[in-house]
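The values are calculated or read from the model by the stated rules, or taken from the named source; none is laboratory data. As the structure is a computational prediction, the values presented were derived from the model and not from experiment. Quick reminder, even Gly has a Cβ in these numbers, built from the backbone with ideal geometry, and neighbours come from all protein chains shown.
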Amino acid sequence: MMTKKITMRVNGREVVVEVDIRESLLEVLRGRLNLKGVKKGCSVGECGACTVLINGEPIDSCIYLAVWTDGKEIRTIEGEETGGKLSKLQQAFVDEGAVQCGFCTPGFIMSARALLDSGKKLTRQDIIKGLSGNMCRCTGYQNIIRAVERAIEDKV
Amino acid sequence: MQAIGKNVRRIDAVAKVRGQAKYVDDLTTKDVLVAKVFRSTIANGWVKRIDTSKAAALPGVEAVVTYEDVPKHTFPTAGHPYTKDPEHQDVADRNLLTRRVRFYGDEIAAVVAVDEFTAEQALKLIEVEYEEYEPILTAEDALKEGAVEIHQGTKNIIDHTGYELGDVAAAFAGADYIFEDEFKTSIVQHCQLENHISYAYVESDGRIVIITSTQIPHIVRRIAGQALGVPWGKIRVIKPCVGGGFGSRQDVVQEPLNAFLSLTVHGRPVKLEYSREECMIASRVRHAIDFKIKTGVKKDGTIVARELQAISLNGGYASHGHAVVSNAGAKFSHLYPYNASKFDATTVYTTAPVAGAMRGYGIPQVTFAVESHLDDIARSLGLDPIEFRLKNLVQQGYVDPLSGIRVDSCGIRECIARGKELIRWDEKKAQGKGNTAPAERGRPQLKKEQTGTVRRGLGMACFSYTSGTHPVGLEIAGARLVLNQDGSVQLQIGAAEIGQGSDTVFAQMTAETIGIPVEMVHVLSTQDTDLTPFDTGAYASRQTYISGMAVVKAAEEIKARVLNYASGMTGIPAGSMDIINAMLVHKHNGEQIISLADVALDSYYDRDSASPITADVSNNARINALSFGCTFAEVEVDLATCKVEVLKIYNVHDAGRIINPQLAEAQIHGGVSMGLGYALSEQLLFDPKTGKPLNNNLLDYKLPTVMDIPEISTSFVETYEPSGPYGCKSLGETPAISPAPAIRNAILDATGIKFNELPINPHSLFKKFKEAGLL
Amino acid sequence: MYNITKYYEAHSVREAIELLQANPKARLIAGGSDLLIKMHQGKIEAAELISIHNLPEISGISLEPDGTIIIGAGTTFSQIANHPVIKEHIPVLAEAVETIGGPQVRNVGTIGGNICNGSTSSDTAPTLFASNAGLRIQGASGTRVIEITDFYQGPGRVDLQHDEVLTAVLLSTDNYRGFAGHYIKYSMRKAMDIATLGCAVVCKITVQAVIEDFRLAFGVAAPTPVRCRKTETMVKGRTFSEELLLEVGKSAVAEVNPRTSWRASREFRLHLVEELSKRAFKQAFIRAGGKLQ
Ligand SMILES: Cc1cc2nc3c(=O)[nH]c(=O)nc-3n(C[C@H](O)[C@H](O)[C@H](O)COP(=O)(O)OP(=O)(O)OC[C@H]3O[C@@H](n4cnc5c(N)ncnc54)[C@H](O)[C@@H]3O)c2cc1C
Ligand code: FES
Ligand code: FES
């Protein structure tokens, strides 16, 4: 078994982990760092449930080798709140009824976070495109789009 | 009303947006072993030889079991309440593992290892030799003379039933026109985001604990007991947060095997998680049903007789089996009742994935056939499809002769009127044959006759749906309330929150009934068969209606006890007090007497009278109510690219009183998007030569993405259903029923082409347009 | 966990080549969005990997003094879509990469991986074919440049030796300056889908609306991406008209050879070849400044 010691910043904190070279980032986040908010719906980049931000960009952590994160900045759903207080984005998901079973929610919030942090002026179409790598079977996406729109209006 | 009818925020939303909600895989312990199933790579046949020695020898493998090692008796898996009547029990046609292969991916052996990787490697070391038969994927193949029997002695028929109401032959003889047609629906899959997963271990007292993502914890307990041959009380089932169900978890898919595997490794915890690819073929799918439909109509558009024949394709094991098509038959006459109707259905085994329950339980299929057929008839007779329906629709007060269900609230006419108005039906229809809506969304205005390659059309379809399963199934639900020291209450229910929002709605009902704010209701969202009361689970759109009855009853009881206790404290008769906003008040003038918190504290700690206040209710609801509604859709069809764009879709509901509009609306969004997928893109495909699934993953199975779903508009016609708690009726499954036929009818309006098979995807558009000379 | 038996990280192209030479069974991995999927599916087992993930030497886009656009093979789709040089000079490539998967896939998938996996459904290939893209390939014995149209040898097979690395995609001025283009991806979903057919047209017109240059290429219309050379010759020098569009559609059909699979029938793909070539041509013509009558 080959391992590699990597250093990354996860949700603002520096973390040093010895990862197995075979592991996906998803497995390391859930298994070693206990960040269970990162979900697994397919393991092959199709559903977006495992979305995290790497250096600010949303990626599917299931098809990202953990060894690649050495020196990188990772953000997961657990890093979205501050001091136990929901971010405006999270609050918008609650208020707009964008959550049902909730399994897709962390992934959607991370994709939406990247959109909001892009600093771009976003149209509805931009939002839809930005969320198109995340699947949801419960909501028909309607309230998720509304939540992101609301978060933008509230200037997160 | 302070809580009912309000947009109360989901009580679990905060945990979910924080990523703190706990699903099965978030609860496993570090020492958990991992199991993987060894699946067949043929669709039909036998295992001639299996050799697991290499797998067993792999370091890290704790156990390898095959069909040789499992109990010899068979068990059922359908998520139905148990029945003592052997005649009506679900078909028990499964073993935990099988030597006889009945679909591609059938379960032959299983491996338990220290981790997932080792388990996967071990699977590759299992050697197997098959005797292979041709796959059986169609009704014709299943029923043809000399077909290989998938289950011995069945002739591949699970069941065959029917009924006749009135004199059908005479009624047809009296009809001015008779219309006949055929419709086919396809195999689709639930695709809930969380795959099937459970973990099981054995307590030191020998009891088996199964933590599982299920809709039916109590049924899992019973079926695990049956499958393992142990007393049901020796099994404890715990249901944490569930990542969606839609019926795929109204079935006992993997829990008994997982418990068996844990027993094999002496009770150590074992996790069994299906991959997406496995989940799509080895959990459950929706039945593909072939329909033949015949309708007799008078000149004035009155329907006088109907006949429906159905063959339902069930896959390799019975699961819910014939119940699904029976349900379709039993309910196909609710919406347009007539004196004469006939139904005949057969459910056959095929060597495809097992069909079970999926959102609508046979009704999306039959509604596609019926509502499409009705539009075709209206077209042939030159009648407006809406007028034609209105002429034949059910009236309030109607009693269904088969089930005895009485229609006590009926808003279908208002639903249709609302939908018509919202989509501007008359206005758009007035603009010409087909539809020539003014330019919208920047699209060019179309020519009147619609001769171009891009054509627009309008369509609609109606539905009706029951609330729960009475009188076919037992409708029992349990609720327990405990008054805490601070005047808040704990609510324990047997009904399962799986994402639909039932916990929130129950909290609202409790709060309303007792007279406290919703925040003072703490719902135990985890179902645990050792702790939470008995309830059959989340299915049949039953929870708000059926389990809600139990919740309201429990809340009424606890309120009565509080008032009684307070009467002892204050000397005021219980009957002249009420609770408003957690304060006990005089009924006649609303003056405050004492806070609920003070009563509660006293009930715990008063040295003389202390007796903590609880209520524990079990309700056997021997009643049912019909929900109604419709979908209106406007489509744009590009003939040349064979693409359909849904421009507008309105889903209008009479679901009685709406307890939580925001949750109800969200439920509709999800259902409609599922309906859109059913209509236009979703279909599980198999290689006809081998029976091998071709697209059992989320890239190749066309679940709609956010880019594929148009804006979904919803509307409620609120009626009051006297039998329902706070006047409510079913809403869980109903939104998914009518979109497919509405879209189909809109495509017909746009192109003049009848699509009688689902899905109506570009491949089928191409074929039909080509045949019709449109290309 | 992926079944990776050996893992090496290359810090330069040189090192990657040396590692390839030393490990005859090893493969390169860039974004992994193709390779890791194949490993998950069991199509590739027990892989030895040499990672060129995020290798600065081959990522990024530059505009050379002679006007050549150089896209590093390790550049991700998102980087391409958002890069000012691409947006200004060859926007059709940005349009093409935006159709790929979803945002997450576009953030890791690389243009190099998209070409080297040899797939006919590559969403960049039709545009790169139409733009006569050059591929710079570095091996132990030096660097060579070949045209992308010569690179594909069959389904999943490309002209790449075991110890070679694709380092860059080259677009010369005579293949993009003055051109406008359009890429149409036909798929069953609007995101997260593999092309049923991909169609790219790039063209150049004179002030009199004469088609000075015209290129038409497809993905999934044959075992490899293809150019329709005869159709191109037929179009060059003609004036744009609806009749010409019809001719293009018909002519294109004669130059492709799609197959029937469960994803789509040959007939349907042929129909799409005809229809999409017309639509892509028309749009490219408009973008080139042409006016419809
Ligand atoms: C959910 C999903 C959706 C997708 N949708 C699309 C789509 O819409 N359109 C599309 O075209 N593709 C799609 N893909 C496929 C994939 O993303 C692309 O093909 C991508 O370009 C692959 O690039 P990569 O860097 O990730 O490749 P890798 O997986 O890293 O490599 C792919 C192959 O190329 C070789 N290779 C990579 N770089 C080099 C190099 N520089 N030199 C030599 N060989 C090299 C590797 O050895 C490997 O054999 C999708 C994939 C997923 C998971
Ligand atoms: S789990 Fe990573 S995309 Fe589905
Ligand atoms: S809320 Fe259930 S999948 Fe999105």
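When the stretch A:73-106 is limited to residues that are among the small types (Gly, Ala, Ser) and surrounded by 23 or more Cβ atoms within 10 Å (Cβ to Cβ), the one that is nearest to ligand 3 (Cβ to nearest atom) turns out to be A:Gly102. Filtering B:Ser567, B:Ser502 for residues that are more than 28 Å from the chain's Cα centre (by Cα) and of a type in the set (Ser, Thr, Tyr) leaves a single hit, B:Ser567. Of the residues contained in the stretch B:690-704, one or more are found to be free of Cβ contacts under 8 Å to residues at least 60 places away in the same chain and either away from chain A (no Cβ under 14 Å) or of a type in the set (Val, Ile, Thr) (or both). Take the conditions (1) closer than 24 Å to A:Ile144 by Cβ; (2) touching a residue at least 24 places away in the same chain (Cβ under 8 Å); (3) away from ligand 2 (no atom under 16 Å from the Cβ); (4) more than 7 Å from chain B (Cβ to nearest Cβ); A:Phe93 misses just one of them, which is (4). Looking at the stretch A:2-14, is at least one residue within 9 Å of ligand 2 (Cβ to nearest atom) and more than 22 Å from A:Ser118 (Cα to Cα)? There is no residue in the stretch A:2-14 that is within 9 Å of ligand 2 (Cβ to nearest atom) and more than 22 Å from A:Ser118 (Cα to Cα). Among the residues of the stretch C:37-57, is any more than 14 Å from every other protein chain (Cβ to nearest Cβ) and either in a helix (DSSP H, G or I) or more than 16 Å from ligand 3 (Cβ to nearest atom) (or both)? Yes, that holds for at least one residue.
All told, C:Lys190 falls short of being within 14 Å of chain A (Cβ to nearest Cβ), closer than 30 Å to C:Leu55 by Cα and touching a Ser or Thr at 6+ places or on another chain (Cβ under 7 Å). Among the residues of the stretch A:31-83, count how many are within 8 Å of chain B (Cβ to nearest Cβ) and charged (D, E, K, R). The total comes to 7.
Of the conditions (1) in contact with a Pro (Cβ under 8 Å, 6 or more places away or on another chain); (2) on the phi < 0 side of the Ramachandran plot, B:Ala582 fails just one. Which one is it? All conditions are met except number (2). Scanning the stretch C:27-40 for residues that are more than 16 Å from ligand 2 (Cβ to nearest atom) and either at pLDDT below 95 or surrounded by 21 or more Cβ atoms within 10 Å (Cβ to Cβ) (or both) yields C:Leu28, C:Ile29, C:Ala30. Would you mind stating whether C:Ser241 is over 30 Å from B:Tyr678 (Cβ atoms) and either among the basic types (Lys, Arg) or without any contact (Cβ under 8 Å) to a residue 40 or more places away in the chain (or both)? No; evaluated as a whole, the condition is false for this residue. Does at least one position in the stretch B:231-252 carry a residue that is farther than 25 Å from B:Thr351 by Cβ, more than 16 Å from ligand 1 (Cβ to nearest atom), part of a strand (DSSP E or B) and among the aromatic types (Phe, Trp, Tyr)? Checking the stretch B:231-252: not a single residue is farther than 25 Å from B:Thr351 by Cβ, more than 16 Å from ligand 1 (Cβ to nearest atom), part of a strand (DSSP E or B) and among the aromatic types (Phe, Trp, Tyr). Within the stretch C:11-19, does at least one residue satisfy the condition of being closer than 26 Å to B:Ala119 by Cα and assigned to a loop (DSSP other than H, G, I, E, B)? Taking every residue of the stretch C:11-19 in turn, none turns out to be closer than 26 Å to B:Ala119 by Cα and assigned to a loop (DSSP other than H, G, I, E, B). Checking each residue in the stretch B:392-412 for being within 20 Å of B:Ala305 (Cβ to Cβ) and without any contact (Cβ under 8 Å) to a residue 40 or more places away in the chain picks out B:Gln395, B:Val399.
Residue by residue, here is whether (1) surrounded by fewer than 21 Cβ atoms within 10 Å (Cβ to Cβ); (2) at pLDDT 95 or above; (3) under 29 Å from B:Val14 (Cβ atoms); (4) more than 13 Å from ligand 2 (Cβ to nearest atom) holds:
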position: A:Val17; (1), (2), (3), (4): yes, yes, no, yes
position: A:Leu29; (1), (2), (3), (4): no, yes, yes, no
position: A:Val38; (1), (2), (3), (4): no, yes, yes, no
position: A:Asn55; (1), (2), (3), (4): yes, yes, yes, yes
position: A:Gly71; (1), (2), (3), (4): yes, yes, no, yes
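Of all residues in the stretch C:208-243 being in a helix (DSSP H, G or I) and surrounded by fewer than 19 Cβ atoms within 10 Å (Cβ to Cβ), which is nearest to the chain's Cα centre (by Cα)? Per the stated criteria, the residue is C:Arg229.
Could you list, in sequence order, the residues of the stretch B:533-557 that are assigned to a helix (DSSP H, G or I) and either touching a helix residue (DSSP H, G or I) at 6+ places or on another chain (Cβ under 6 Å) or surrounded by fewer than 24 Cβ atoms within 10 Å (Cβ to Cβ) (or both)?
B:Gln543, B:Thr544, B:Gly548, B:Met549, B:Val551, B:Val552, B:Lys553, B:Ala555, B:Glu556, B:Glu557
If you go through the stretch B:236-277 and keep only what is within 11 Å of B:Ile197 (Cβ to Cβ) and charged (D, E, K, R), you end up with B:Arg249, B:Glu255, B:Lys271, B:Glu273.
Could you grab me the full set of residues in the stretch A:107-149 that are within 12 Å of ligand 3 (Cβ to nearest atom), part of a helix (DSSP H, G or I) and away from chain C (no Cβ under 11 Å)?
Matches in the stretch A:107-149: A:Phe108, A:Ile109, A:Gln142, A:Asn143, A:Ile144, A:Ala147.
For residues that are part of a loop (DSSP other than H, G, I, E, B) and of a type in the set (S, T, N, Q), scanning just the stretch B:476-512, find the one that is surrounded by the most Cβ atoms within 10 Å (Cβ to Cβ). Only one residue fits best here, namely B:Gln500.
Kindly check whether there is at least one residue in the stretch C:118-140 that is part of a strand (DSSP E or B) and within 14 Å of chain A (Cβ to nearest Cβ). Outline the logic, then answer.
So in the stretch C:118-140, the residues part of a strand (DSSP E or B) come out as C:134-139.
Still in the running and within 14 Å of chain A (Cβ to nearest Cβ): none.
No, the conditions are met nowhere in the stretch C:118-140.
Taking the stretch B:217-246 as the range and being more than 16 Å from ligand 3 (Cβ to nearest atom), touching a His at 6+ places or on another chain (Cβ under 8 Å) and of a type outside the set (A, V, I, L, M) as the test, only B:Gly229 passes. In the stretch B:345-362 there is at least one residue matching the filter, namely being within 21 Å of B:Cys191 (Cβ to Cβ) and part of a strand (DSSP E or B).
When B:Val253, B:Val270 are checked against the criterion of being within 22 Å of the chain's Cα centre (by Cα), more than 16 Å from ligand 2 (Cβ to nearest atom) and among the β-branched types (Val, Ile, Thr), B:Val253 stands alone in meeting it. When the residues of the stretch C:141-184 are filtered to those that are of a type in the set (Asp, Glu) and touching a residue at least 60 places away in the same chain (Cβ under 8 Å), the one that is nearest to ligand 3 (Cβ to nearest atom) is C:Glu164.
Filtered by the rule that a residue be assigned to a strand (DSSP E or B), in contact with a Lys or Arg (Cβ under 7 Å, 6 or more places away or on another chain) and either within 14 Å of chain A (Cβ to nearest Cβ) or surrounded by fewer than 22 Cβ atoms within 10 Å (Cβ to Cβ) (or both), the stretch B:11-46 gives B:Val34, B:Trp46.
When you scan the stretch B:668-685, do you find a residue that is in a strand (DSSP E or B), closer than 25 Å to B:Asn7 by Cβ and within 14 Å of chain A (Cβ to nearest Cβ), even just one? Scanning the stretch B:668-685, I find no residue that is in a strand (DSSP E or B), closer than 25 Å to B:Asn7 by Cβ and within 14 Å of chain A (Cβ to nearest Cβ), so the answer is no.
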